[in-house]
Every structure is written in C-alpha cells, then in structure tokens.
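The block underneath contains the structure these notes are about, expressed in structure tokens.
Just so it is clear, none of the values below were taken in a lab; they were calculated from the coordinates. Given the structure is predicted, the values throughout are model-derived calculations rather than measurements. Virtual Cβ from ideal backbone geometry, glycine too; neighbours counted across all protein chains shown.
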C-alpha cells in the first residue's frame, strides 16, 4: 500500500513537473503542477486529464478547426489516441494525468 498526503499542496520545481502516484500495468498515474502551457501534441494512447486545483483551458484541433474548453477543479477530459491538444493553465493548476507509460 502507498499513501500520499497533501496532493492539493504539491508544487513542482518547474512547469509540468510531476509526482508519480503509481502505475497500473502499463498506465501511469501522475500529479502535475504547472503555471505554464504545455505544447501541442498527440498522444499514442488514450489520456484522462482531471483538474484537481485551479483551472485549465484545454485547446484541441480536429479537421482543421480549433476549440477550447475551460476545465475547473473537479472537471475531467478524456482524449482518445490521436487527439491533438494542448493544456493552458489559468494561473497555477494541479492536474492528475492517467496515460500509457511513456506518453507525452
């Protein structure tokens, strides 16, 4: 058993720094802290993205169109493999990301 306290206070030393919560088979569960956007990318597998604290504007592209959805604490996003997206935090945010090991 592994217990982790204080996740809502976790702060990395750099944007998108992470605390490894655990791994289930070939899937990682990581808590990220950031105050900077990530970069446009496409995952090679599905990704679950849950905002724990703060807010994040999730941008995505599909068929040449771009959209954005604001995610508040307690909101989640599920990205299929191949979905092009980028997360832009609004201030500092903590995000739980569940994805295939080695994904970006």
Using alpha carbons only, how many angstrom separate the centre of the stretch 1-32 from the centre of the stretch 42-80? 18
Options (1) 14.0, 43; (2) 13.3, 46; (3) 14.8, 48 are given for Rg and Dmax of the Cα atoms in Å, and the computed one is (2)
Most packed first (mean Cβ within 10 Å per residue), the peptides 66-72, 53-59 order as 53-59, 66-72
Averaging sequence separations of C-alpha pairs under 8 Å and six or more residues apart, then dividing by the length of the stretch 14-100, give the relative contact order as a whole percent. 40
